[in-house]
Amino acid sequence: MIDLAIFAALVVIGYVVGRILEARHYRSIREREQAYGNIMMFASRFPPTLDPLRQDLVAGSVVVSADYFKVVVARLQGIVGGRLKTYESLLDRARREAILRMKEEARARGARMIVNVKFQTFSIPGRKPGSLVGVEMLAYGTALLG
Amino acid sequence: MTEYSNPQIPDGINVSRTHPLADFARLLGGIVVVVGVVVIALALLAGHLARYVPFESERSIAERFVGSLAEPGPKPVADYLDALTRRIAAAHDLPPGMTITVHYVPGDTVNAFATLGGHVAIYEGLMRKMPNENALAMVISHEIAHVKLRHPITSMGRGIVVGVALAGISAAAGSDVVGQVLGPAGLLTMMSFSRDQERDADAKALDALVKVYGHAGGAADTFRTLRDAFAGKPRPPEFFSTHPLDVDRVAAIETTVTEQGWAATGELVPYPAEVTAALAAAEKKAESE
């Protein structure tokens, strides 16, 4: 019974704190996306103009971990299969945060445009086989300075 | 010249709008229901099959742990319990080969139980609390009814099967989280089973009591006394308790007595004088220690 109480407490704490932090993070993401809106970003490999420009590699990376509530819901979902909805918002935040950090670096170098943008993820495994501590989301691309 | 732009991606494209709590509730509810159905099915099956275990096998399982029960009490009390148990067991029409062994357990604990192999334990504390022989006979009769209905072996069979099933499921799901959710779901199911068993045992016990004494007097006293014994102590709500609330049991007894047309009251037999004396001596001895 005590195990169940601890479990329930962790779920409640995970949910409440996780919700608050997520809402705060999304607010910050939206504000900064407005602020960095003038730095354009493309997936194409070649720059839109062939003017001689200096090219720099820029990157933004973020490491995220799920809260207890998200993990429990995802585990339960894993029994029956389907969309891991609690992880969707987590990875959405990670992706957008990584882009913002990449753009921040680009702006510091005076670039207005990043081309050939790519994403990579790396899982940080836990001690138990098959478990996960967190995920790194890395965004990188070629900043055009000119 | 191509135009380039980076419009702001609207929110909610990559993220589901379902409330996470609604998701959680749906998943948890669904899984608990499925596990509950599986556990109930397994428990019913195991309980059904356990009844076919021969009584001799049950007795040989019991031999391994029943040694701890065998503590000789004061002689008059032990003899009296033996004789009373034999009389009640005779009224139960036990199937051939089924034997009842009664054990007297010293101490203040107010309790009695039946276990594998027809072993029945009656605690000293319970004997002191019961107002007369009829009330004690109802308790013994109730425990004998458990043995006759094969409840101990049924519970053990259920316990083993459900335990193995839950361990298997949580191992297969590969996480302690799942086990923590599933364990209690199985436990609640088990408890409601034993409550049905108590009701069945009460009915059988009453029948035998009337055969022995010619009336049902004292039966309701048993539960009233138990209720008073626990009065003031916090008791768990009925759902979590393995025994139905005593109020319900008193009502059930009264209904059965009326339905069967039995005499509700009659002459109540007191404990023999030497038994009362032995119990009092035991109590005094315990106090002085």
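The values are calculated or read from the model by the stated rules, or taken from the named source; none is laboratory data. Predicted, not measured: the structure shown is a model, and the values here were computed from it. We place every Cβ from the backbone using ideal geometry, glycine too, and count neighbours over all the protein chains shown. What goes into the accessible areas is simple: the full protein's heavy atoms, side chains included, and nothing from ligands, DNA or RNA. Shrake-Rupley method; radii C 1.70, N 1.55, O 1.52, S 1.80 Å.
Out of A:SER28, A:SER61, report the one residue that is more than 9 Å from every other protein chain (Cβ to nearest Cβ), of a type in the set (Ser, Thr, Tyr) and within 22 Å of A:PHE122 (Cβ to Cβ).
Only one candidate passes the filter, namely A:SER61.
If I ask for residues that are open to solvent by less than 100 Å² (accessible area, probe 1.4 Å) and on the phi < 0 side of the Ramachandran plot, which ones from the range A:110-119 would you list? Explain how you work it out, then say what you get.
Initially, the range A:110-119 is screened for residues open to solvent by less than 100 Å² (accessible area, probe 1.4 Å), giving A:110-111, A:113-119.
Within the range A:110-119, A:ALA111, A:MET113, A:ILE114, A:VAL115, A:VAL117, A:LYS118, A:PHE119 qualify.
Quick one: is B:LEU81 over 30 Å from A:ALA43 (Cβ atoms), open to solvent by less than 50 Å² (accessible area, probe 1.4 Å) and at pLDDT below 85?
On the way: over 30 Å from A:ALA43 (Cβ atoms): yes; open to solvent by less than 50 Å² (accessible area, probe 1.4 Å): yes; at pLDDT below 85: no.
When the stated conditions are applied, B:LEU81 does not pass them.
Is there any pair linking a residue in the range B:3-26 that is more than 7 Å from chain A (Cβ to nearest Cβ) and assigned to a loop (DSSP other than H, G, I, E, B) to one that is surrounded by 10 or more Cβ atoms within 10 Å (Cβ to Cβ) and of a type in the set (Lys, Arg), with Cβ under 9 Å and at least six apart or on different chains, and which?
B:ILE9/A:ARG96; B:ASP11/A:ARG30
How many residues are open to solvent by 20 Å² or more (accessible area, probe 1.4 Å) and either hydroxyl-bearing (Ser, Thr, Tyr) or closer than 18 Å to B:ARG199 by Cα (or both) when one looks only at the range B:118-140?
Of the residues in the range B:118-140, 1 are open to solvent by 20 Å² or more (accessible area, probe 1.4 Å) and either hydroxyl-bearing (Ser, Thr, Tyr) or closer than 18 Å to B:ARG199 by Cα (or both).
Can you name every residue in the range B:222-265 that is at positive phi and either at pLDDT below 85 or of a type in the set (Asp, Glu) (or both)?
B:GLY232
When only residues in the range A:74-102 that are at the interface with chain B (Cβ under 10 Å from one of its Cβ atoms) and of a type in the set (D, E, K, R) count, which is most open to solvent (accessible area, probe 1.4 Å)?
A:ARG83
Just need a number here: residues in the range B:84-117 that are under 14 Å from B:GLU58 (Cα atoms) and crowded, with 16+ Cβ neighbours inside 10 Å.
Of the residues in that region, 7 qualify.
Looking at the structure I just gave you, is B:GLU143 within 20 Å of the chain's Cα centre (by Cα), among the charged types (D, E, K, R), buried (at least 20 other Cβ atoms within 10 Å of the Cβ) and over 21 Å from B:ALA281 (Cβ atoms)?
yes
Going residue by residue through the range A:124-133, is there one that turns out to be surrounded by fewer than 19 Cβ atoms within 10 Å (Cβ to Cβ), closer than 15 Å to B:ASN6 by Cβ and not basic (Lys, Arg)?
no
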